[in-house]
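First up is the structure itself, then whatever we jot down about it.
The values are calculated or read from the model by the stated rules, or taken from the named source; none is laboratory data. Predicted model only: the values in this text are computed from it and were never measured. Quick note on the areas: whole protein, heavy atoms, side chains included, nothing else; ligands and nucleic acids left out. Shrake-Rupley method; radii C 1.70, N 1.55, O 1.52, S 1.80 Å.
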Amino acid sequence: MKALVTAIQFLTILPVRPGRAVRPEDFGPAIACFPLVGLFLGLILAAASVPAAFLVPPALSAALLLALSTVLTGAFHLDALAVTFDALALKSTGDRE
């Protein structure tokens with residue numbers, strides 16, 4: 001159970017254990033729970049998509065779900081995407097500093 005709580009705390013902004021930082025030694029067991037956290041986030045987004053599909057046009061619904069995903073994860077994946085593009089830009093220019 002501790003591993004699942006650590007995974008939720010690391011991958012989302014949900015306050016499951018406020019005031020306690022994630023320690024490096026907690027990550028080993030928590031990695032096995034990452035798919036469960038992804039499933040949990042997917043279920044939240046699926047539940048939010050049902051009313052959104054009936055209330056707003058599809059493009060707006062998609063934008064709202066993307067915004068909800070970004071908020072729930074604290075833009076975790078967007079940060080990784082930005083770092084990837086930064087690294088690709090440096091590789092193409094040859095400037096490593």
key: Which of Leu36, Leu65 is most accessible, then next, and so on - probe 1.4 Å   = Leu36, Leu65
note = Expected vector for segment 22-28, Karplus 3J(HN,Hα) from phi with 6.51, -1.76, 1.60 and θ = phi - 60°, integer Hz, x for Gly and Pro, equals 7, 8, x, 6, 7, 6, x
ask   = Hey, what's the per residue convex hull volume over the C-alpha atoms of the chain, in cubic angstrom?
value = 144 Å³
note = Checking Gly28, Gly74, Gly19 against a Gaussian network model of the chain (alpha-carbon springs below 10 Å), the top fluctuating residue turns out to be Gly19
message = Only Cα pairs within less than 10 Å get springs; with that Gaussian network setup on the chain, which residue of Thr12, Thr73, Thr84 has the largest fluctuation?
response = Thr84
Karplus 3J(HN,Hα) series, Hz, for segment 64-81 with 6.51 cos²θ - 1.76 cosθ + 1.60 (x for Gly, Pro) = 5, 5, 5, 5, 4, 4, 5, 5, 4, 9, x, 6, 4, 6, 5, 5, 5, 5
query = If the chain between Ala53 and Asp79 were fully stretched, how many nm would it gain, using 0.36 nm times the residue separation less the Cα-Cα distance?
reply = 6.6 nm
